[in-house]
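Below is one structure; the comments refer to it alone.
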Amino acid sequence: MTTRRLPDHQVAASSRPSDATEVRHPHTSPARPMGAMCWPSESEMNLIRTKVAEMSGKDSKEVRVVVSPYRICPLGAHIDHQGGIVSAMTINKGILLGFVPSDDSQVLIQSGQFKGEVRFSVDEEQLPGNAAKLNDLGRAKGSSNSQEECSWGNYARGALYALQKRGNCIKQHSTLNCAGDTALVSKPVLVQKLELMVLDVSHGIIGFICGAEGLDSSGLSSSAAVGVAYLLAFESANKLIVSPTENIEYDRLIENEYLGLKNGILDQSAILLSSYGCLTCMNCKLSFESDLHVQTKEHRLIRCVESNGNHNNETTKQFKILLAFSGLKQALISNPGYNSRVAECREAAKVLLQASGNEGLEPLLSNVEPEAYEEHKCKLDPNLARRAEHYFSENKRVLKGLEAWASGNMEDFGKLISASGLSSIRNYESGCEPLIQLYEILLKAPGVHGTRFSGAGFRGCCIAFVDAERALDAASFVREEYPKLQPELASQIDEDKMVLICDAADCACVI
């Protein structure tokens, strides 16, 4: 892990990579692509800057804003936690976190969605048990809203927890020989050097965080977007350079360890690695390095054939992204369905690995060869067999989908998305009646190429790729049909917010 301070004059510098193999600076303000709906708007930015200026007593020009977009996953549903191959892109809606560095170690945060304020010091040691205690307190109050209001500050504390944990590791360094070549420390002419790598987080932040106005973010990775926003804010405030790959791991620590959610790395990877006009492809099989640094093994940014070499491309004008909301609101960390599915996938992997003589491998379905799955799937009980079938069929759909996207074939790409949605219902058994009905309505909507649940599928919304010229017609169709089937849930959603028409966006950054 390489972490260093950023000179003052480079904090707001802009740097864009030419391809996915280059490290993108997390404190970058990317150029806003022409043709994309502008987000955040100047009015949104001004409101946040004014609010933070009032909170901190500083000039609004000193306020920095983290833009952390929500993500969608067209293909690769429910397989990231098993080390599968997934696809993702960000949308032009998400989390905005305005902040200024504190003059001391204190953190003060207010929210546009939840009551109260969060106060703590970056000097405090953050422990995972603290998050559990706050969640228990919220549950004791008897409502999911009170739980969220009680615990919304956990993400800020979790970001500090991740930075504290990863910032205190012993790392062995090589030195240089006389010729200037990097040499191994095992050579007798060199001196072994051990250094305590410390992320010097000494400054807190004064900040105001809010989600996209009027948007129910269920199923859009809002938790990862919040975690990433706090990480970038703390790093910017303390002039730290941390690569996107490292921040993927830090956000995993927030969710897996601090909050106790057994999800994979899809959400944070998409938010930190995506690029406007591209489909982000990620191999989520984790790589455990000698210094315990976990990272994405591979990621690629894939453009359609028409848009190679042209950021302002025609492909993104061919489609819009619909977000259709069910009205369901159930926090993922309080729903046992998600974690139970993860456990079932691991149990299926265990059976298959034992049957194929590879019981020494970690029980992940990505460690099971497709040939071994075909040979031994008959040994799985029906429930585990469905989970494994979803994993292996979804991996195939991702690979076919990448080809369809790269060739600009939105029709085939959409069919694969809808097939993914069907497998999520039948094999992974996620979703519930309202979400399934919403999925079926979108299948019939005019101009829709493909649709599926977004997120874990236990609450929230469906996404759909739709012909740009027919997006308004498709949205109207859903607004008319869904209330017929779910009048009570539909009544809880503002009609103009039931279906949103979005564009693709860029990665998270600090402006």
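Of all the residues in region 370-387, those that are out of contact with any Lys or Arg (no Cβ under 9 Å at 6 or more places or on another chain) and more than 21 Å from Ser420 (Cα to Cα) number 7.
Considering Ala131, Ala162, the condition of being in a helix (DSSP H, G or I), modelled with pLDDT under 85 and either buried (at least 17 other Cβ atoms within 10 Å of the Cβ) or touching a His at 6+ places or on another chain (Cβ under 6 Å) (or both) is satisfied by Ala131 alone. With respect to the conditions (1) assigned to a helix (DSSP H, G or I); (2) at pLDDT 90 or above; (3) within 30 Å of Ile463 (Cα to Cα), Lys61 lacks only one, and its number is (3). When restricted to residues that are outside any strand (DSSP E or B) and touching a Phe, Trp or Tyr at 6+ places or on another chain (Cβ under 9 Å), region 82-105 contains 2. Screening region 272-294 for residues that are in contact with an Asp or Glu (Cβ under 8 Å, 6 or more places away or on another chain) and in a loop (DSSP other than H, G, I, E, B) and picking the one that is modelled with the lowest pLDDT gives His293. If you filter region 357-385 down to residues that are free of Cβ contacts under 8 Å to residues at least 60 places away in the same chain and buried (at least 18 other Cβ atoms within 10 Å of the Cβ), you find that the one that is farthest from Gly76 (Cα to Cα) is Leu380.
Any idea which residue in region 40-93 is surrounded by the fewest Cβ atoms within 10 Å (Cβ to Cβ), counting only those that are charged (D, E, K, R) and touching a Leu at 6+ places or on another chain (Cβ under 8 Å)? Among those residues, the one meeting the criterion is Glu44. The criterion of at least 2 residues that are at pLDDT 95 or above and surrounded by 15 or more Cβ atoms within 10 Å (Cβ to Cβ) is met by the following helices (runs of 4 or more DSSP H) wholly inside region 420-506: 433-444, 471-485. Selection of region 343-368 for residues being within 23 Å of Ser420 (Cβ to Cβ) and in contact with a helix residue (DSSP H, G or I) (Cβ under 9 Å, 6 or more places away or on another chain) yields Glu344, Cys345, Arg346, Glu347, Ala348, Ala349, Leu352, Leu364, Leu365, Ser366, Asn367, Val368. Checking region 228-239 against the condition returns no match, with no residue being surrounded by fewer than 24 Cβ atoms within 10 Å (Cβ to Cβ), modelled with pLDDT under 90, more than 23 Å from the chain's Cα centre (by Cα) and over 30 Å from Ile493 (Cβ atoms). When region 97-123 is filtered for residues that are modelled with pLDDT of 95 or more, more than 17 Å from Thr50 (Cα to Cα) and buried (at least 18 other Cβ atoms within 10 Å of the Cβ), only Val107 remains.
The values are calculated or read from the model by the stated rules, or taken from the named source; none is laboratory data. It should be emphasised that the depicted structure is a prediction, and the values quoted were computed from it without experimental measurement. Counting neighbours? That spans all protein chains shown, and the Cβs are built from the backbone with ideal geometry, glycine included.
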